[in-house]
Amino acid sequence: MRPIPVALLVVVAATIPAYAAPTTTQLCESAVESTSAKYAQCRINAESRFSKTLDAAKRGAALTHCSETLARALANAHNRYGTACAVTEASTAFDAYLNQCSDDVTAAAGGAALPNYVGDLAMCNTDIATCTGDLTSCSGHLASCDGDLSTCAGNLTTCTTDLATAEGDLTTCESDLAACEAFPAARILKTAQTTSYGTGTDGDLELGVAQNYVDNGDGTITDTNTGLMWEKKSDDGSIHDKDNFYTWGMSTPPYTMNGTVVTAFLATLNSGSGFAGFTDWRLPNRRELESLLNLEPSSQAWTFPTFDTGCVAACTVLTCSCTSPNTYWSSTTVANLPHYAWIAYFNAATVGYGEKGHAIGGPARAVRTAP
């Protein structure tokens, strides 16, 4: 045999690339990935044998062996590489996560459908199916499949992220659906009359949607069935005092609402950061104002308890709720008598109309449409 020239050996040696030795972190990551793959294959093998033998005892023992082997392997990786291991999940977490994957594969092999998600999840299922096929065909060649397993691990990470996003969207959707289903279809509100005056009367049938008032604890009350947020009234001499009277506006053309109900009352509520943090307070229209009338009791103020409770001298909107037995302004004009505005009588539970330019005026309660 002729000797190889030294110059040729030098050239050949120079063409061999040099690779840096893997770090302990990389070695730990590789060990965890390899262990996970072996665990998945172990479960698939156990399920495969069970499909042929239907021996439940052997299947249980085999799956237990897979879990114990996984736990030991992960513990060995941590013991060997210590703090260099980036993995933070416990072996039980790996066990549970990989169990789900292998269970889905087993179910699909028996005729069930694999989990199906939209968008990227469909692509992820394809990747998982490809990865599962690769794992099955490469059961005797795992050492040479490290690259494929790394790709599969990346695809599983993407799948997990997409699944979490889908679950979050589903939770939001279910919450929105529950809120939508809880909100009644548009219907007339109940009058609150419960005394029956014969078959077919209001108190007998009690038809309509019941008001549902919630005291927000900030000087406001919300009817969750109408979406209206009401100003509470007090007896402390403030802008909210039940005994404050305001003028509506002009009794002559163009009959504009520009009285103190606008310039003093609403202007104060909507100034700065607004009352209770809102600057869109307004005067209610006739229908909105009528919704506060309770047609059942014969009391000082014909309204609901939430609007007439604990009212004593010097109490504030944070400590009481007051309703004066007077006529409250609405923002609605009487169509055929434009110098009059509709009012609600809280001393008789009825509506009427008052002259817009009345010098004394009457009380007012502000409202806004809650978002």
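The values are calculated or read from the model by the stated rules, or taken from the named source; none is laboratory data. The shown structure was predicted, so the numbers you read here are calculated from the model rather than taken from an experiment. Here the Cβ positions follow ideal geometry from the backbone for every residue, glycine too, while neighbour counts run over all protein chains shown.
Below, the figures for the structure above:
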| item | result |
| --- | --- |
| Failed item, numbered, when residue 24 is tested on (1) within 23 Å of residue 127 (Cβ to Cβ); (2) surrounded by 12 or more Cβ atoms within 10 Å (Cβ to Cβ); (3) modelled with pLDDT under 90 | (1) |
| Residue 82 more than 23 Å from residue 151 (Cα to Cα), assigned to a loop (DSSP other than H, G, I, E, B) and free of Cβ contacts under 8 Å to residues at least 60 places away in the same chain | no |
| Those residues of segment 233-279 which are in a loop (DSSP other than H, G, I, E, B) and among the polar types (S, T, N, Q), in sequence order | 238, 244, 247, 251, 252, 256, 258, 270, 271, 273, 279 |
| Of all residues in segment 204-221 being closer than 14 Å to residue 365 by Cβ and in contact with a strand residue (DSSP E or B) (Cβ under 6 Å, 6 or more places away or on another chain), the one that is surrounded by the fewest Cβ atoms within 10 Å (Cβ to Cβ) | 213 |
| Filter pass, residue 255 being assigned by TED's automatic domain parsing to the domain that holds residue 312, more than 24 Å from residue 346 (Cα to Cα) and either surrounded by fewer than 19 Cβ atoms within 10 Å (Cβ to Cβ) or touching a strand residue (DSSP E or B) at 6+ places or on another chain (Cβ under 8 Å) (or both) | yes |
| Listing of strands (runs of 3 or more DSSP E) fully contained in segment 287-371 that carry 2 or more residues being β-branched (Val, Ile, Thr) | 327-334, 350-355, 367-369 |
| Hey, residue 226 farther than 21 Å from residue 311 by Cβ, in contact (Cβ under 8 Å) with a residue 60 or more places away in the chain, of a type in the set (Ser, Thr, Tyr) and surrounded by fewer than 18 Cβ atoms within 10 Å (Cβ to Cβ) or not | no |
